[in-house]
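Below: one structure, written as structure tokens.
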Amino acid sequence: EIQTRDEHLQHLALYDELTGIPNRTLFIDHFHRAIAHSKRTKTQLAICFLDIDNFKPINDNFGHDVGDIVLKDVAALLLASVRTMDICCRMGGEEFILLLPDLSKEDSTRQAERLRRQIEMLEIKIDEESIKLTASFGVSSDSGHIDLDSLIKSADKAMYTAKSSGRNCVINA
């Protein structure tokens, strides 16, 4: 499919070039619509922040091309594992964020735990070697009263708590 230059630039502005999933700009747009829906329907929504554990040694030991494969594989796993209404975005580096509308605090934590286990089972074969991954998750939920920045900061802080608690776990804010 041939794109015009403007269509190509718009795509680059909204999607991560490496993984093909939405980027932070598109995430923010989806969030505003989801929070409006959450307020209207009096339902909760959650944000799940995740960071691939020990990603720098993968780049250092195997090269950035392998690091790119890891990022693409994690993005593909996330996309295949979330509901169609969920939004999965790459925030940058090895960090991803999920927008989980209509999920309670408990359900969003269960969803994050399920994703954590799936990442832990992911095996990336590079020549004769196999790379095993883990990720740290921070979950923050809201029932329509918190702004985007507060929700992201809360999920980010919980994710860093997961990292400092030994990694490969889910912490709810």
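The values are calculated or read from the model by the stated rules, or taken from the named source; none is laboratory data. Treat the numbers as computed from the prediction; the structure is a model and nothing was measured. Note: ideal-geometry Cβ built from the backbone for every residue, glycine included; neighbour counts use all protein chains shown. Quick note on the areas: whole protein, heavy atoms, side chains included, nothing else; ligands and nucleic acids left out. Shrake-Rupley method; radii C 1.70, N 1.55, O 1.52, S 1.80 Å.
At a glance:
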| quantity | calculated |
| --- | --- |
| Candidate set: the range 116-150, residues that are open to solvent by less than 20 Å² (accessible area, probe 1.4 Å) and in a loop (DSSP other than H, G, I, E, B); chosen: the one farthest from Asp86 (Cα to Cα) | Leu133 |
| Single condition Met91 does not satisfy, out of (1) under 30 Å from Leu12 (Cα atoms); (2) at pLDDT 95 or above | (2) |
| Ala75 vs. criteria small (Gly, Ala, Ser) and under 10 Å from the mean Cα position of the chain (by Cα) | yes |
| Selection status of Ser165, of a type outside the set (A, V, I, L, M) and either open to solvent by less than 60 Å² (accessible area, probe 1.4 Å) or in contact with a helix residue (DSSP H, G or I) (Cβ under 7 Å, 6 or more places away or on another chain) (or both) | no |
| Single residue of Glu113, Glu94 found to be touching a strand residue (DSSP E or B) at 6+ places or on another chain (Cβ under 9 Å), open to solvent by 40 Å² or more (accessible area, probe 1.4 Å) and under 21 Å from Thr19 (Cβ atoms) | Glu94 |
| Given (1) closer than 22 Å to Tyr160 by Cβ; (2) open to solvent by less than 50 Å² (accessible area, probe 1.4 Å), index of the condition Ala34 fails | (1) |
| Residues of the range 99-128 satisfying the condition of being touching a Phe, Trp or Tyr at 6+ places or on another chain (Cβ under 8 Å) and more than 16 Å from Asp53 (Cα to Cα) | Leu99, Ile126 |
| Long-range neighbours under 8 Å by Cβ, at least six apart or interchain, first residue closer than 18 Å to His30 by Cα within the range 149-163, second outside any helix (DSSP H, G or I) and β-branched (Val, Ile, Thr) | Leu151/Ile47; Ile152/Ile47; Ile152/Ile97; Ala155/Ile47; Ala155/Ile97; Ala155/Val139 |
| Those residues of the range 1-29 which are loosely packed, with under 12 Cβ neighbours inside 10 Å, within 28 Å of Ile47 (Cα to Cα) and free of Cβ contacts under 8 Å to residues at least 12 places away in the same chain, in sequence order | Leu9, Leu12, Glu17 |
| Test: Gln44 is surrounded by fewer than 17 Cβ atoms within 10 Å (Cβ to Cβ), in contact (Cβ under 8 Å) with a residue 12 or more places away in the chain and either hydrophobic (A, V, I, L, M, F, W, C) or in contact with a helix residue (DSSP H, G or I) (Cβ under 7 Å, 6 or more places away or on another chain) (or both) | no |
